[in-house]
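One structure is given below, encoded as structure tokens.
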Amino acid sequence: MPANAFPILIVEDSKDDYFLLSHALAKNGIQNPVHWAKDGVEAIEYLRGQGIYADRNRYPIPKVLIVDLKMPRLGGLELLEWIKDQPQLRLLPVLVMSSSNQPQDVSGAYSLGASTFFMKPSTFDDLQKLTRTIHEYWVSCVSPAIEKADSGQNQGVSAGRE
């Protein structure tokens, strides 16, 4: 695996959207390890290293999160809010990729610490171009190391507001 092949966690409830996004990465020759969480609750378990995600060799702390907003159990905005409250994860780059371009969703995501906000492209070619651009940007960025999440911290995660 190349040195710049940082782990990516995709938080997306649609299996089809996850497949398209991971396929677009692969079509661009991007060899990053890609992991999938189906909603915010599963993403928190992953980030904490809990349950099936306890093996950090198999499920490393990601260097970038790609998050959908509208998901069952715990949505993207609630996940951003949780991340913001985790000192060891506050610096984790979070890219929102959503079908929504509602002003309250965009401003809400940025106010909760999203690094950027993208509309989901309507064609696979556009998705492939976007993933290439995103990857080239993040490969060239200098970012701080993310500490291992404390699995005992903030155990009281509530369900989303959706």
Counting Lys and Arg as +1 and Asp and Glu as -1, what is the net charge of the other residues whose Cβ lies under 15 Å from the Cβ of Asp125?
+3
First select every other residue whose beta carbon is under 12 angstrom from the beta carbon of Ser98; then total the charges, Lys and Arg +1, Asp and Glu -1.
-3
Quick calc: nm separation of the 7 Å Cα→Cβ label points for Glu81 and Thr116 -> 2.7 nm
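Every number in this text was worked out from the coordinates using simple rules, so none of it is lab data. Remember, predicted model here, so these are calculated numbers, not experimental data. Every residue, glycine as well, gets a Cβ built from its backbone with ideal geometry; the counts of neighbours run over all protein chains shown.
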